[in-house]
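Structure, as structure tokens:
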Amino acid sequence: MKILKISTILSLILLSSVVVANDQIVSVYSSRNEELIRPVFEAFTKKTGIKVIHSTNEDAAIIQKLKAEGKTTPADLIITVDAGNLWHAAREDLLTPISSTTLDHNIPAHLRDPGHKWFGMSVRARTIVYNKDKIKSADLTTYEDLADPKWKGKLCLRTSKKVYNQSLVAMLIAEHGHDKAQSIVKGWVGNLATDVFSNDTLVLKAIAEGKCQVGIVNTYYYGRLLRESPNLPLALFWPNQKNTGVHVNVSGAGITKFAKHPENAKALLEWMSTPEAQNLFADVNLEYPANPEVQAAEEVGRWGTFKPSTMNLSQAGALQSEAIKLMDVVGYR
Ligand code: FE
């Protein structure tokens, strides 16, 4: 009897220690580059003692996996690029709303879901880039102006299949309405110097080689390419400074609907929004911190400051299918 009691007590102690150990973890599905995200998680573990178990996958695969796993998912938090992806995860009912005064304070309203299911953690600017041997910054004004026939045969674009351009066009629809957005995109297509490219780096290289004079890219690709080849004749231009601002998007995160460690996931998300973590998260990819109290890395700061669009990024998701149809109609491949 006494022996039985001792063993019961022992197993209870063992069980509770397992529970405690389990409680000190958070599981993350992330589409961020493995090398880049690991220092963020390591710093969080050092700070809180909560271990981060993470796996890396493409954005679409993360959403598919989460859907397939349903209630059995081990994932507490997902981290993806582009608000369009986060919006889809929320619409598929894969995320849970988060009530956090810390997040509401640290992340501006236009960079988070009005339903509180996802929060932008870093900002990427999709702006105009040009060949400074061919044109001057004074020749440029807005995204809309790139539809003007004066740019015929001078524009390079990435494929419309990439979510970055789908989000850009979705935001144009949100700003101008469908018909005006369609005539702008049609103008772009009419001005193309070459077939569309599969990625932003190829757009940058084509402009540097003089195949075209101007294009639209995410600034971190510009930063990466110039680290490799600092003498390329490329420069960034901040369009729409007198009206809507530069098109921005986010890398962001949300807590899964069936999270087993929602409190730890919330702690990680809140910590990622703090100044301490913001630079770690944004700087590694040459992005901008989402928290406006945090300065961009020095290298990024050298590209100058700009007025960003403050239209809520949930529009990028809500209008994505309309944007895809619009681009198809005008022959943007
Ligand atoms: Fe990218």
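Rule-based calculations on the coordinates, nothing more; no lab input. These numbers were taken from a predicted model, which means no experiment stands behind them. Positions of Cβ are generated from backbone atoms using ideal geometry, with glycine treated the same way; all protein chains shown enter the neighbour counts.
Observations
- Loop GluC sites (Glu not before Pro), the stretch 65-172, which have at most 15 other Cβ atoms in a 10 Å radius of their Cβ (DSSP): GLU92
- For trypsin sites (Lys or Arg not before Pro), the sites in the stretch 258-303 that DSSP calls loop and that have at most 14 other Cβ atoms within 10 Å are ARG302.
- Most fluctuating residue given options PRO114, PRO308, PRO230, as computed from a GNM of the chain linking Cα atoms under 10 Å: PRO230
- Residues SER122, SER31, sorted so that the one with the fewest Cβ neighbours within 10 Å comes first: SER31, SER122
- Formal net charge of residues neighbouring ALA318 (Cβ-Cβ distance under 15 Å; K, R +1; D, E -1): -1
- Label positions at VAL329 and LYS51, each projected 7 Å from the Cα along the C-beta direction, are separated by 5.4 nm.
- Near-label residues of the stretch 52-85 by backbone N, under 11 Å of a point 7 Å along Cα→Cβ of GLU92: 59-70, 85
- Taking GLY120, GLY49, GLY254 as the candidate residues, the one with maximal mean-square fluctuation in a Gaussian network model of the chain, Cα springs under 10 Å, is GLY49.
- Rg over Rh for the chain works out to 1.06, both radii taken from alpha-carbon positions and Rh defined as the Kirkwood radius.
- Largest GNM mean-square fluctuation across ARG38, ARG112, ARG126, computed for the chain with C-alpha springs under 10 Å, falls on ARG38.
- Within the chain, helix-based [θ] at 222 nm, where runs of 4 or more DSSP H residues each add -39,500 (n - 2.57), nearest 500: -13500 deg cm²/dmol
- The phi-based Karplus calculation (6.51 cos²θ - 1.76 cosθ + 1.60; θ = phi - 60°) puts the 3J(HN,Hα) values of the stretch 319-330 at 9, 5, 5, 5, 5, 4, 5, 4, 5, 5, 4, 8 Hz, whole numbers, x for Gly and Pro.
- Segment GLU35-GLU58, length gained on full extension (0.36 nm per residue, minus Cα span): 6.8 nm
- Distance between the 7 Å Cα→Cβ label points at GLU298 and ALA109: 3.7 nm.
- Charge context of SER99, other residues only, Cβ under 14 angstrom, K/R +1, D/E -1: -1
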